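Here is the structure we will look at, set down as structure tokens.
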Amino acid sequence: MTGPASTQTPRYTLGDWDNKAAVRVKKNDYRLPDDLERQLATRDWFPPAFIPYIAHPLIDKAGRAVALRLAANHLVYFLDYTTMLEHQVVNRAVEIIVHGELAAAIPRPMKTAALQLYTDEGYHALFSNEVAEQIAALYDIRDRPRPRRIDRLLGVIEAASPADRPLAWFLLGFVSETIIAKELLAITRERLVSTVYQMLRNHLEDEARHSRYFCEVFQFLWAALPPTQRDRAARMLLEIIGLYFEPDLPWLMRSLSSGGFDEQSSLQIIAELRQPDAHARRVRCGAVSTFAAMTKASFFDNENNRQLFSQAGFIDG
């Protein structure tokens with residue numbers, strides 16, 4: 001028997017948002033440190049685990065200055081991508097929840113938390129852009145194309161029927177917010193430029209709460225979907241999860257060229273990323289939290305869903 005409603009753990013909330021959200025309590029100005037040159041002697045622009053090609057012998061041979069430039073390129077690209085993702089994908093997914101566009105009655109606490117999350121994402125876009133602009137100016141990075149993944153994600157919406165588009169928007173947000181990078185969670189102050197470290201930590205602390213929220217909403221929504229829409233959602237999820245782990249190889253080739261590598265050398269450096277099974281390995285490693293949420297919602301109890309993801313190499317058969 002459960003206790004009084006007031007003593008039960010609240011659902012669909014961001015957990016003491018007023019006292020924990022970065023936009024409410026963090027006062028960082030996100031300016032690059034005055035002792036940046038000294039820090040760069042021993043620290044990185046971005047966690048090496050997220051740019052594994054940086055350890056390639058050809059880059060190592062080129063020297064630390066080249067490695068730092070490539071890492072700066074990658075960080076600016078990542079931050080530009082983050083800014084667009086928060087505005088054009090995640091917050092649009094949140095609007096779907098707030099304004100009741102899904103085929104389910106949305107509980108009031110779920111709407112309130114969604115509005116708080118919307119505010120968080122706007123702040124994440126702001127400080128991501130602030131840091132990106134400083135680093136781009138520092139290295140005179142002018143080649144800042146629109147990340148290919150953004151357009152491919154938005155292509156999922158264009159391909160969906162009008163009736164399925166609200167669900168497609170939600171699924172884009174769900175996958176984005178439940179992909180928690182284990183390597184980023186393990187970053188330490190000593191390894192990264194101080195401003196970048198603080199920015200990533202503040203972002204990740206918010207995202208951990210966002211992930212829990214989207215997991216609960218997914219479980220709620222999946223139970224409410226009719227079987228035919230579940231089947232369409234399963235196929236959309238397969239595509240969306242795959243898209244989140246596809247590298248932007250054309251941009252990467254241009255980045256390596258800016259570091260002085262010709263086409264042949266660049267292809268050697270990114271060879272591992274292009275291996276036939278590399279994509280599935282990235283999905284298996286990076287989508288652990290997403291798959292856990294889907295499992296909790298009984299998504300994989302359906303044999304067709306399990307077979308769909310197994311055939312793609314994303315889960316075991």
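What the table below lists for this structure:
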| item | result |
| --- | --- |
| Checking Thr195 against (1) over 14 Å from Phe50 (Cβ atoms); (2) among the β-branched types (Val, Ile, Thr); (3) within 11 Å of the chain's Cα centre (by Cα), the condition it does not meet | (3) |
| Test: residue in region 171-185 that is buried (at least 20 other Cβ atoms within 10 Å of the Cβ), without any contact (Cβ under 8 Å) to a residue 60 or more places away in the chain and under 30 Å from Ala41 (Cβ atoms) | no |
| Filtered residues of region 233-254 (kept if of a type in the set (Lys, Arg) and either outside any helix (DSSP H, G or I) or over 23 Å from Ile96 (Cα atoms) (or both)) | Arg254 |
| Breaking point among (1) exposed (fewer than 14 other Cβ atoms within 10 Å of the Cβ); (2) touching a Lys or Arg at 6+ places or on another chain (Cβ under 7 Å), for Phe300 | (1) |
| Counted residues, region 141-169 - those being assigned to a helix (DSSP H, G or I) and either over 30 Å from Ser258 (Cβ atoms) or touching a helix residue (DSSP H, G or I) at 6+ places or on another chain (Cβ under 8 Å) (or both) | 15 |
| Selection count, region 262-317, where residues are under 30 Å from Leu58 (Cβ atoms), acidic (Asp, Glu) and free of Cβ contacts under 8 Å to residues at least 24 places away in the same chain | 2 |
| Subset tally (residues that are at pLDDT below 95 and not in a helix (DSSP H, G or I)) for region 193-232 | 2 |
| Selection within region 295-312 - over 16 Å from Met236 (Cα atoms) and within 24 Å of the chain's Cα centre (by Cα) | Thr295, Lys296, Ala297, Ser298 |
| Which listed residue is at pLDDT 95 or above and acidic (Asp, Glu), from Asp151, Asp143 | Asp151 |
| Neighbours by Cβ (under 6 Å, 6+ apart or cross-chain): first from region 30-46, under 19 Å from Glu130 (Cβ atoms); second aliphatic (A, V, I, L, M) and outside any loop (DSSP other than H, G, I, E, B) | Tyr30/Val131; Tyr30/Met199; Trp45/Ala71; Trp45/Ala72; Trp45/Leu75; Phe46/Ala71; Phe46/Leu75 |
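So that you can scan it fast, the table gives a plain yes or no per residue for (1) in contact with a strand residue (DSSP E or B) (Cβ under 9 Å, 6 or more places away or on another chain); (2) of a type in the set (Val, Ile, Thr); (3) touching a residue at least 60 places away in the same chain (Cβ under 8 Å):
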site: Gln88; (1), (2), (3): no, no, yes
site: Arg92; (1), (2), (3): no, no, yes
site: Ile106; (1), (2), (3): no, yes, no
site: Lys111; (1), (2), (3): no, no, no
site: Asp120; (1), (2), (3): no, no, yes
site: Tyr123; (1), (2), (3): no, no, yes
site: Ser128; (1), (2), (3): no, no, yes
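Conditions tested, residue by residue: (1) small (Gly, Ala, Ser); (2) closer than 18 Å to His203 by Cα.
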| residue | (1), (2) |
| --- | --- |
| Val98 | no, no |
| Ala114 | yes, yes |
| Leu117 | no, yes |
| Asp120 | no, yes |
| Phe127 | no, yes |
| Val131 | no, yes |
| Arg142 | no, no |
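Residues checked against (1) among the small types (Gly, Ala, Ser); (2) surrounded by fewer than 17 Cβ atoms within 10 Å (Cβ to Cβ):
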residue: Lys27; (1), (2): no, yes
residue: Pro52; (1), (2): no, yes
residue: Leu58; (1), (2): no, yes
residue: Ala65; (1), (2): yes, yes
residue: Leu68; (1), (2): no, no
residue: Ala71; (1), (2): yes, no
residue: Tyr81; (1), (2): no, no
residue: Arg108; (1), (2): no, yes
residue: Ala113; (1), (2): yes, no
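The values are calculated or read from the model by the stated rules, or taken from the named source; none is laboratory data. No experiment lies behind these values; they were computed from the predicted model shown. FYI the Cβ positions are ideal-geometry reconstructions off the backbone, even for glycines, and counts take in every protein chain you see.
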